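A short reminder: the numbers here are calculations on the coordinates, not readings from a lab. Here the structure is a predicted model, which is why all the values come from computation and not from measurement. Every residue, glycine as well, gets a Cβ built from its backbone with ideal geometry; the counts of neighbours run over all protein chains shown.
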Amino acid sequence: MKVFVSPKEWSHSIDRFESDHMVSLQDPDADLNDLRPEWIKMENHLVALFYDCDIPGHEHAPKEACVHEVIDWLKPRCKSDSKHQFVIHCDAGLGRSPAIGYIAWALHYGPGLEEKAFRKMQDSCFETQIIPNTIIVMHADDYLKRNGKLSKVVTQWNHKVTWRRTFR
């Protein structure tokens, strides 16, 4: 399996990676024209509409049902023997898509390998200053019954990134 996490603007220019599946994470009011490049079949493209809000309880925070929909779509495609190649993109490639990329790798590796899945997601990112959306990961943690292990890895990463940005 391969996963490429990118901003929307790069999602059409990565055809050289021979991706065969795409997850487009967009705001509910976004223009949805031209999201899917011609080489991705319609049935291999998921469009999920939710904001990249990382504030618990906020009206624009990702809803459980939206995250569950993405997981349900990814689950059969991310098994340990998967040969699929995914492009996962949101507007900036910093919050939503790294969170969903992490979940894809966590599904691929299975329980107990959350840190490995996170490292693999980092290697999959075109952007280096990622801050995966913690609410998306919390919903995934609950839904996949990972007992806080997915969230713990992201929380540790976010604390490191925040500390680095604060004290540079």
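Per 10 Å bin, what is the whole-percent P(r) computed from every C-alpha pair distance within the chain?
Binned Cα distances yield the sequence 11, 43, 36, 9, 0.
I need the shape label for region 108-147. Rule: rounded when a/c is under 1.5, else prolate if a/b > b/c, else oblate, with a, b, c from the alpha carbon gyration tensor.
oblate
Treat the count of other C-beta atoms within 10 Å as a stand-in for reagent exposure and order W157, W105, W73 from fewest to most.
Ordered by Cβ neighbours within 10 Å, fewest first: W73, W157, W105.
Just want the ordering: M22, M1, M121, from fewest to most Cβ atoms lying within 10 Å of their own Cβ. Working shown, then result.
Numbers: M22 24, M1 19, M121 27.
By the 10 Å Cβ count, ascending: M1, M22, M121.
Take region 1-75, drop everything but the C-alpha atoms, weight them equally and run the Debye formula without solvent; then report log10 I(q)/I(0) at 0.12, 0.13, 0.17 Å⁻¹ to two decimals.
Those come out to -0.37, -0.43, -0.72, one per q.
If r is the Cβ-Cβ distance from N147 to D29 and R0 is 30 Å, what FRET efficiency results, to the nearest 0.05?
Computed FRET efficiency for N147 and D29 comes out at 0.25.
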